[in-house]
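The values are calculated or read from the model by the stated rules, or taken from the named source; none is laboratory data. Quick caveat, the model's predicted, so the values are computed rather than measured. FYI the Cβ positions are ideal-geometry reconstructions off the backbone, even for glycines, and counts take in every protein chain you see. Note: areas computed on protein heavy atoms with side chains; ligands, DNA, RNA excluded. Shrake-Rupley method; radii C 1.70, N 1.55, O 1.52, S 1.80 Å.
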Amino acid sequence: MKNVILLTIDALRKDVLGCYGSQGGLTPFIDSLQNNCLKFTRAQASGPYTQASFTGLLTSSYYLEYGKPKGLSPNRTLISEPLKRAGIITAAFHSNPYLCDYLGWNRGWDVFYDSMEEEVDERIPYIKGNVINSKVDEWLTSYRQGDNKPFFLWLHYMDIHEPYVPERKYIDMVDPSITISQNEMYNLFKDVLLKRDVSDEGAVKLLKKLYDIHVREVDGYIKEFFAILGKLDLLPNSVIIMTSDHGDEFGEHGGLSHDDKMYSELIDVPLLIYDLSQDEGGVCDALASNVDIPPTIIYLFGLDPVESFEGHSLLPLGGYPGNGCFGEAIDQRSQRGGDMEKDSYFYREQDLKVIYRANLDSWEMYDLKADPKELNNIIGTSPEAEELKIKLKPRVRRWLKDNLRGEQK
Amino acid sequence: MTEQDKVKKCAELVEKSKKVVRDAFNKFTPDELAITWTGGKDSTTTLWIIRQVCQEDKIKLPKVMTIDEGDSFPEIHDFINKWSKEWNLDLEWCVNQDAIDAAGGKLNALVKVKDLNERNQAEIKRIGYEEDTFRFEAESYVGNHLMKTVMFNLYIERHNVKAVFQGLRRDEQATRTQDDYFEKKEAAHLIPEHVRIKPILHFTERDIWNNIMINKIPYCILYERGYRSLGAASTSQIAVEGVPAWEQDLEHTVERAGRRQDKEQMMKRLRELGYM
């Protein structure tokens, strides 16, 4: 039985990767793996930010399934739980506060490192990828000295996430002509990004450039991680699933960062399954959701399907149930003001996507093939609009009644 | 476990801790070392073990620091004062008196940032807090920084401390499973460079109590009343009323219920990432 590794990268857009068509040269290492990768071209996040997406990624359930979420509901099954029960060693290394043990994400892990006790700099408010790697290296090395039971390892890099203050050496790798200081970068974060101010096109472009530089940086961390696996001779007997929790917006739909929108720049994610024994590469154009990842992990370990998981295994390829993909979120920026919650939803089938915003009671629909930038709303003209709306409607606001029962914390 | 097994296991645990302490004395002189002591069961156990080593090896006991965050139990004060005298410690109370004065000595008082001295104002600015006022609470974002982090940093700098002993245990939090006995903290935005030494990392909460009973190590009376974990007075809660900590079901219940500090830490990170 092979080990399974889930490598997730926070806020990584699909369209910055060379293997997904980018010419930017930001991901030479990931691109070099393609001969051993199964590549999903239509992978969808189940939400546009960490909490909304990771419920899919690690619990195969939707964000608003159990009322308005604060902590992780005990009703959800974390992928680590059935694995640990089956005798598989489970380890997690990350630095995202939304996934910390205080919020309940530490269930079922033999090792759970969330970095919350470390002091970090406000300009780099997380543990960097190289430190995550060294902790993983240390753990894998000690694992190698043990009885070598199969393991499930999840590691997550935060480095692409704002505030976008990259180090000089990575700037020089991407664009040495950028000369602004770290202070100026941090001010850009505070004055432009935090205010979601897209009025200055040059500033938005610069933010995107700094983001791209972090992408290049993370490609290096992935290379370093693969080298660790190589050193410990773990590559031949491990399957590595690589994806991101969501993308990031740079003015495509009038905003910045990742709030509650359901457009491609946030919802389209890369999804690669690396297996050294597969040396032909492969491409899967079927729709895939990140709720499908936990069932895929269960399949890879040869375990019985977990009943509460809402997705299906992506392996073996094909023969999928043919369902569309759902996603949902509540705008976090509206939550603190006591505003009415701005919840939003999407449903996608093939290349058609409908989006519903509950507080505006507004519907949108896009044909992603004809209009990949999602600028032309066809909800009033598409013959398929009604059918897609009917499929999404039962999900809308169902959390309100669940909320009365209350989610933990 | 029989009483005999318990004694044997405790001796092994203590021996392992003593080895860590001896390693520390090989790496640092007694003057470069300091011991953090809260008066709680873990740091008291740590201090007791270090004293043992110092007596056995005839080494000078390093200086001891204790932080008064302005919200402490009088029972803890009494305990620390009593044993500090008894054990003849070189003890320093670290108190951010300026912050306490600005709050009028009252918890939850609204403090105006401009009423603080320059150093404290600069510290508040340094952690990115931009409001004009804050609530005086030991475990809030600003309160924690002023009352604990700043006091700790000042002590380290003032005494040129290279390494500090701490009473952290691995089983306290899942996140600590990877911790090492020696942890080097690089100089960063908020802390000066120093090494953290954790001699009792391998103790569980149960081991701590077994060891306290077997070796007759003193403990604060609050544990007899049912407290299991002692932090700030206003946020620490009795776990089981009237049942001494060591008689509680330590294995199946949480030691740090509430864990206000963990929440604050999470909120701080989220703020820095641009949320909130």
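Table for the structure above
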quantity	calculated
Selection status of residue A:76, within 14 Å of chain B (Cβ to nearest Cβ), within 22 Å of residue B:266 (Cβ to Cβ) and touching a helix residue (DSSP H, G or I) at 6+ places or on another chain (Cβ under 8 Å)	no
Some residue of the stretch A:150-160 being closer than 29 Å to residue A:308 by Cβ, more than 13 Å from chain B (Cβ to nearest Cβ), modelled with pLDDT of 90 or more and part of a loop (DSSP other than H, G, I, E, B)	yes
Filter result for residue A:134 (of a type outside the set (A, V, I, L, M, F, W, C), open to solvent by 20 Å² or more (accessible area, probe 1.4 Å) and part of a helix (DSSP H, G or I))	yes
Residues satisfying the stated conditions in the stretch A:35-45, i.e. in contact with a Leu (Cβ under 8 Å, 6 or more places away or on another chain) and not aromatic (Phe, Trp, Tyr)	A:36, A:37, A:38, A:39, A:42, A:43, A:44, A:45
The lone exception for residue A:34 - which of (1) out of contact with any Cys (no Cβ under 8 Å at 6 or more places or on another chain); (2) more than 27 Å from residue A:259 (Cα to Cα) it fails	(1)
Unmet criterion (only one of (1) in contact with an Asp or Glu (Cβ under 9 Å, 6 or more places away or on another chain); (2) more than 30 Å from residue B:116 (Cβ to Cβ); (3) assigned to a helix (DSSP H, G or I)) for residue B:7	(1)
Hits in the stretch A:1-26 - residues which are over 17 Å from the mean Cα position of the chain (by Cα), in a loop (DSSP other than H, G, I, E, B) and buried (at least 22 other Cβ atoms within 10 Å of the Cβ)	A:26
Test for residue B:158: is it more than 24 Å from residue B:262 (Cβ to Cβ) and of a type outside the set (S, T, N, Q)	yes
Test: residue in the stretch A:94-107 that is within 13 Å of another protein chain (Cβ to nearest Cβ), in a helix (DSSP H, G or I) and of a type in the set (A, V, I, L, M, F, W, C)	yes
In the stretch A:110-124, residue least open to solvent (accessible area, probe 1.4 Å) [restricted to those that are more than 7 Å from chain B (Cβ to nearest Cβ) and within 23 Å of residue A:57 (Cβ to Cβ)]	A:115
For residue A:79: the one exception among (1) at pLDDT 95 or above; (2) within 30 Å of residue A:212 (Cα to Cα)	(2)
Number of the condition not met by residue A:55 [criteria: (1) open to solvent by less than 10 Å² (accessible area, probe 1.4 Å); (2) β-branched (Val, Ile, Thr); (3) modelled with pLDDT under 95]	(3)
Wholly enclosed strands (runs of 3 or more DSSP E) of the stretch B:138-243 bearing at least 2 residues open to solvent by 40 Å² or more (accessible area, probe 1.4 Å)	B:182-185
Residue check for residue A:36: more than 30 Å from residue A:399 (Cα to Cα) and either more than 14 Å from chain B (Cβ to nearest Cβ) or open to solvent by less than 10 Å² (accessible area, probe 1.4 Å) (or both)	yes
Some residue of the stretch B:54-69 being closer than 22 Å to residue B:210 by Cα and buried (at least 16 other Cβ atoms within 10 Å of the Cβ)	no
